[in-house]
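Enquirer: Pasting in a structure now, in structure tokens, and then I'll have a few things to ask.
The values are calculated or read from the model by the stated rules, or taken from the named source; none is laboratory data. The structure displayed is predicted, hence computed values, not measured ones. Note that we place each Cβ from the backbone using ideal geometry, even for glycine, and neighbour counts take in every protein chain shown. These accessible areas exclude ligands, DNA and RNA; they are computed on the full protein's heavy atoms, side chains included. Shrake-Rupley method; radii C 1.70, N 1.55, O 1.52, S 1.80 Å.
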Amino acid sequence: MILLLLSLQGAFAQQPPPPPPAEEEPPPLLKDPVLLEFVQAPYPPAAQAEGVQGLVLLAIEIDETGAARNVEVLRAAGYGFDEAAVEAAKLFRFSPAEDASGPVPVIIEFEYGFILDSSSRTDAVPQEVVEEAPVELPVNLEGQLVEMGTRRPLADITLRLEPSGLETITDAEGRYQLRGVPIGETKIKIVHPGFQPMEETVTLTEGQVTQAKLWLRNLSYGSAGVVGAYQREKVEVTQRSISIEEIRRIPGTFGDPVRVVQSLPGAARSPFGTGLLIIRGSNPQDSGVYVDGIRIPLIYHLGGFESVINPDLVAGVDYLPGGFGVQYGRSTGGVVDVTTKEKFPDRPHISWSTDILDSGGTFTASLGKKKQHGIGVAARRSYIDALLPIFTADTGFVAKPRWYDYQAKYIYQGDAPIKFSALAFGFEDVLFASTPPGFSQGTDQDGQGDLGTRYSTHRILVNLEVPITESLHLRFTPSFGNDYGEFKLGNAWKAANSQWVAEVRAELPWEPSEHFRLVPGVDFLGGWSDFEIILPFDPSSFASTDPLAEREPFSVAETQTGWGPDAYVMAQIRPLKDPEALLISPGLRFNYLNIPGELQQFSFDPRLSFRWAIREQSRLKGSLGLYSQPPQPFQAFRPDDEMVELKPEKSLSATLGFEQDFGQVIHADVEFFYKHMYDLIVGNPNFQSLDTQFFVNSGVGRAYGMEVLLRHDPVGPLFGWISYTLSRSERKDDPDDDRYYLFDYDQTHILSAVAGYKLPFDFEISAKAQYVTGNPTTTYGLGVYDVDLDTYNAFSTSEYNDRRLPAYGTVSLRLDKLFTFKTWQLDLYLDVLNVIRGKNPEFEIYNYDYTESDYVRGLPTIPGPGFEIKADF
Amino acid sequence: MLLFLLACSRIEVSESWQIDRLRILAIAAEPAEPRPGDTVRFRSLVLSPNRPVECVAWVGCSAEEGFGCGLEGLSGDSGAGALASSFLGIEPFSPPVWQVPLDFLDGLPEADREEGVPGIITTIAITDCSALQDASAETANELLSGDIDSSEIGFKRVPVSLATTPNHNPTVVGITVDGIEVASGVRVELDRKQTYSMTVALADDAVESYKYRNGDGEVEDREEEPYFSWYSQEGSFSQTNSLWDVVTVEYTTPELPVHLEQSLWVVARDRRGGMGWAELPIRIR
């Protein structure tokens, strides 16, 4: 409602203190100070009520660091404007003025304007504008003001002409008109918070209307839409949502929003940064990954450097490490839900990005007279298959990984009271590794040949939201697609599975009042898979245990169907007068899985969570719930025709946490968690023959710990957070075992610090530091030599996971420079992984007879230059 | 990715072709595939770069018992004298001999007796014989856990069958160095820090053809696909193993050899339990 106007009188800059007459004049300034951070003063209520506007002339002393030191009023405006302007100006931050010796203190004059914007302006339009531009004079200067680089029309910005002193304000389309501008040269000056001051000279000719398109340069591109750019309704107890602009500036992520999860509390460091989701002491396969609520099998491309969804189409990432609601199922670990954009910009936008891994482009636009049809398409392709052989040239291996992904989305953006969108996306990853001629790949004659793996996912999903009544909505999301996975080694080994998957989500949210909401839903998952296995030996024959026995090739191909119509109901109760003060959310989920002829199981998961705003900036939160997870596909299979007798894995999870805001931009989040895991599926200790079940539900586990997140929102030049997790995760393969052993990825301390800072001239630097306790490992001693196979059989000389690898520590840096041209922008960056790295052992590798060992180190220092081009039309 | 990371990491551990400690490299049974009632004799290739090998003890077990069964006989109050019936011998005092029991295949279905089942032979090489003479339960455990310095334990399967074409050990007649065949045991001179191509020279009948009755009861004609393991005291091999159809390895002599006279060895395995080996003494000039 309130528009603030300022004007910077750069020409009046001078250096304090005033020099004595006998001394020399100070050297001339080589660089004027530039306002980097504007602080908005509150509009004095009395002035606002009376519709009064004001212009305060200030003298601001700026020190060598660019900070505003002393602020004095040179021309008062009264009505409380003077005090408000002084307090706000004291918080300004400038780039320092410089003379030949470097940064120097200066005093500038600054006009701080208080103007009521058009929505509240009635008779309060600046009188001088009306008076000085009589309506009887014709328009002889007009044009449009747009943002440089993005062509975004800029509304409600004041243009001032010199020397005439005429002023006008741009309309919603950024257009302006001026009447009676004196013929000849005139200067158009614009000084506006958040933009670089602009001055342009135009020449007006008698009897003609001069057109002038004006370009204004933003002081902070990308940050304007950051706050609240992705702000989901916070109904989960632990829902850490990070804005995309913030994420894309984090070093080591290659601009990928999903990888930020690795730097948040509760997520353990994955080996080699492969992006395995190890959340609160759970196995990687225990966590679910979703795109717009539809589950997909993988979220990262090969190597874990980038996710399978193009960042340009991602609106946000919800990371739910635990305590999540009943709408998410089939997981005992955490949830990562990637949400794609729900609206595309009115004007066509293209972008192209290139880094050391891949290149890709995005196109978005809104079509139709009312811009009611939003479309977005994106595609990427890697070229790491061309680069990797350079690093592995002398190893004998030729490894060629490659991937591509694509997305296409349509969004109905019209006025009809429905929401409709359709998303098609997919990806494929291929790893091809071969050995050169003359190089033996081990001694097994069937283990020779090229190694190949390939997996792909393709999905199409539709999202429809229809209001049935004012309080009742239908949300319907059907999806269908294919997942394919294949592994090949030479001609002797092959395993392939092509799975057609239909997933349908339907919810019927009923919200009779702001104090109560009921969400019944169905989460159906079904489909069929065609799998094929080729082995060089029959696994049911003696050859599988006696390496000297003759082998007979084995192959099997089958089609298997399965379906699980899970159902859930969740309530959101807000019992207090202020609905935001307390949220209690009970829920119940029914899980069912039927694989005809193999497996049938069902279970109930009750869950309860709450959020209580005990004060304006303090919230208490907690949850208690049961989580079920069906067996992995390979566990739900036995070679004979008997049913697999396995129950779902279970996790009873409890959390209690506290959130505290420190002002508007700093937030703290502390959360304690405990998870009791039972019915975990482990190898059958009594397995003797192929007519025995491979797996049993005898495993138990526990994970407990504390998570701390201290976060500075991306407001102003600084963003970042400190994340710390203290935890322990343990397992027992049999409940009667005497002791727990450490979970393979148990990491006691996980400390991550992420920070980014916007520098002058559109430079930006960001850093990420991480310290993590080493993973557990087991000690092996001298093996016994198998003379027939020429290998040593290892024997552990200690309890399983009895010690740890050394700690992991690393620092990564990223430097961005944004070049803004009139119609496009270029972002150049250098992303350097592991600038400082210790030994960082990922795992221990033994020599041939287990008498010596060494560590396989983490990633070396990898400089990753890249660029992104963006243009709007 | 793992390949890439392994490639980028410098793993500093010894290679299996390096003979830098006591090693059992090969054990050959004669006959390679006995029938029940046959007498089987054994020979081994055991190397120790610094100290001579004083003792090699042999025990035998059935497939069900596993490789360590005979070592239990080493424990007990009366020491080595109480060795179990599975005890086969201690070299050099009593050469190992295994009399295959006549009922060895009795538990096997008739149709499977052509394929047979293996007996397990465990071999313990020790540079100091007193470790065996002082045998006790603790000693046996230490041997099994590898805690006794200068000891090495290996095990080998000896297929016992009624095969119509029983297996024989492959005969390695020599090693071909840069295209020139050198008979086993004949010394050659090699230059320092030079790379030589090496292949195995096998006897004509080393790669055998044999009959195999498959799961459908049909008799197949098959041919062996042997592979070879290379060893040296100094220098380096381009790869530890070579295959029957990928026969060549590159050997690079050391720049500053500790011993001017030393040997290379190659062990041939026919994947059916048969083994043979050859030594190539070299002088580095």
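Enquirer: How many angstrom lie between the C-alpha centres of region A:593-669 and region A:419-454?
Expert: Value for the Cα centre distance between the two parts: 34 Å.
Enquirer: Share of region B:172-284's accessible area from carbon and sulfur, percent, 1.4 Å? The partial results should precede the final answer.
Expert: Working: 2160 of 4970 Å².
Here carbon and sulfur together make up 43 percent of the probe-accessible area.
Enquirer: Between A:Gln372 and A:Glu61, what is the FRET efficiency for a Förster distance of 56 Å, r being their Cβ-Cβ separation, to the nearest 0.05? Provide the component values of the computation, followed by the final result.
Expert: Values: r = 53 Å, r/R0 = 0.95.
Efficiency computed from Cβ-Cβ geometry: 0.60.
Enquirer: For region A:588-601, in order, what is each residue's ³J(HN,Hα) by Karplus, 6.51 cos²θ - 1.76 cosθ + 1.60 with θ = phi - 60°, in whole Hz (x at glycine and Pro)?
Expert: Along region A:588-601, the couplings run 9, 10, 10, 10, 9, 9, 9, 10, x, x, 10, 7, 9, 7 Hz.
Enquirer: For A:Asp346 and A:Lys189 in one chain, what is 0.36 nm times their gap in residues minus the Cα-Cα distance, to one decimal in nm?
Expert: Details: separation 157, 0.36 × 157 = 56.52 nm, distance 2.85 nm.
Length difference between fully extended and current span is 53.7 nm.
Enquirer: What are the ³J(HN,Hα) couplings of region B:272-285, residue after residue, when phi is run through the Karplus curve with 6.51, -1.76, 1.60 and θ = phi - 60°? Round to Hz, x for glycine and proline.
Expert: Once θ is set to phi - 60°, the couplings for region B:272-285 become 10, x, x, 9, x, 8, 9, 10, 10, x, 10, 10, 9, 10 Hz.
Enquirer: Just to be sure I understand the model, the point goes 7 Å from the Cα along the line to the Cβ. What's the resulting A:Leu91 to A:Val209 distance in nm?
Expert: It works out to 4.3 nm between the two label points.
Enquirer: Calculate the length of the line joining the C-alpha centroid of region B:212-260 to that of region A:251-310, in whole Å.
Expert: Between the Cα centre of region B:212-260 and that of region A:251-310, the gap is 43 Å.
Enquirer: Summing both sides, how much accessible area is buried between A and B? Use a 1.4 Å probe and give Å² to the nearest 100. Mind dumping the intermediate values first?
Expert: Values: alone 40070 and 14880 Å², together 50480 Å².
By this definition, chains A and B bury close to 4500 Å².
Enquirer: Continuing with the same structure: What accessible area per residue comes out for chain A, rounded to a whole number of Å², with a 1.4 Å probe?
Expert: Numbers: 37800 Å² over 873 residues.
I get 43 Å² per residue for chain A.
Enquirer: Expressed as a whole percent, how much of the Cα-Cα distance distribution for the protein assembly as shown exceeds 40 Å? Can you show the working numbers first?
Expert: Details: 399709 of 669903 pairs.
Counting every Cα pair in the protein assembly as shown, those more than 40 Å apart make up 60 percent.
Enquirer: Same structure again: When only C-alpha pairs under 8 Å and at least 6 residues apart count, what is the relative contact order of chain A, in percent?
Expert: Working: 2372 pairs, mean separation 69.8, N = 873.
So the answer I get is 8 percent.
Enquirer: Determine Rg/Rh for region A:316-451; Rg is computed over alpha-carbon atoms and Rh is the Kirkwood hydrodynamic estimate from the same atoms.
Expert: Details: Rg = 22.1 Å, Rh = 19.1 Å.
Ratio of gyration radius to Kirkwood radius for region A:316-451: 1.16.
Enquirer: With a probe of 1.4 Å, find how much accessible area region B:172-284 has per residue, and write the answer as a whole number in Å². Intermediate values should be presented prior to the final figure.
Expert: Numbers: 4970 Å² over 113 residues.
Ligands and nucleic acids excluded, the figure is 44 Å² per residue.
Enquirer: Quick one: which residues, 5+ away or cross-chain, put their amide H under 5 Å from the amide H of B:Phe87? H built at 1.01 Å from N.
Expert: Under 5 Å from the amide H of B:Phe87: B:Gly60.
Enquirer: Multiply the residue separation of A:Glu852 and A:Arg804 by 0.36 nm, subtract the distance between their alpha-carbon atoms, and state the gained length in nm to one decimal. List each step's numbers first, then the result.
Expert: Details: separation 48, 0.36 × 48 = 17.28 nm, distance 1.68 nm.
The span from A:Glu852 to A:Arg804 would gain 15.6 nm if fully extended.
Enquirer: Could I ask something else about it? At A:Ser513 and A:Phe610, where each label point lies 7 Å from the Cα along Cα→Cβ, what is the point-to-point distance in nanometres?
Expert: For A:Ser513 paired with A:Phe610, the spin-label model returns 1.9 nm.
Enquirer: On to the next question. Taking beta carbons within 10 Å but only from partner chains, what does the mean come to for residues A:335-346? Before the final figure, lay out the partial values.
Expert: Working: counts 0, 0, 0, 0, 0, 0, 0, 0, 0, 0, 0, 0.
Per-residue shielding by partner chains comes out at 0.
Enquirer: List, in order, the whole-Hz ³J(HN,Hα) value for each residue of region A:141-158 obtained from phi through the Karplus relation with A = 6.51, B = -1.76, C = 1.60 and θ = phi - 60°; use x for Gly and Pro.
Expert: 8, 8, x, 9, 10, 10, 7, 5, x, 10, 6, 6, x, 10, 9, 6, 10, 8
Enquirer: Now, a different point. Quick one: compute the contact order of region A:137-216, relative version, from alpha carbon pairs under 8 angstrom and 6+ residues apart, as a percent.
Expert: On the way: 184 pairs, mean separation 29.4, N = 80.
Taking the mean separation of contacting Cα pairs over the length of region A:137-216, I get 37 percent.
Enquirer: Only protein chains counted, 1.4 angstrom probe. Which residues of region B:256-274 are at least 50 Å² less accessible in the assembly than when their chain is isolated?
Expert: At a threshold of 50 Å² (probe 1.4 Å), the residues of region B:256-274 that become less exposed are B:Arg271.
Enquirer: Another question, then. Place a point 7 Å from Cα of A:Ala502 in the direction of its Cβ. Which residues in region A:591-613 have their backbone N less than 18 Å from it?
Expert: Only A:592-596 pass the distance filter.
Enquirer: Give the carbon-plus-sulfur fraction of the accessible surface of chain A in %, rounded to a whole number; probe 1.4 Å, heavy atoms of protein chains only.
Expert: Details: 22490 of 37800 Å².
On chain A, the fraction of accessible area on carbon and sulfur atoms equals 59 percent.
Enquirer: Run down the lysines and flag those whose C-alpha is under 23 Å from the C-alpha of A:Lys31, throwing out any fewer than 8 positions away in its chain.
Expert: A:Lys90, A:Lys187, A:Lys189, A:Lys758, A:Lys817
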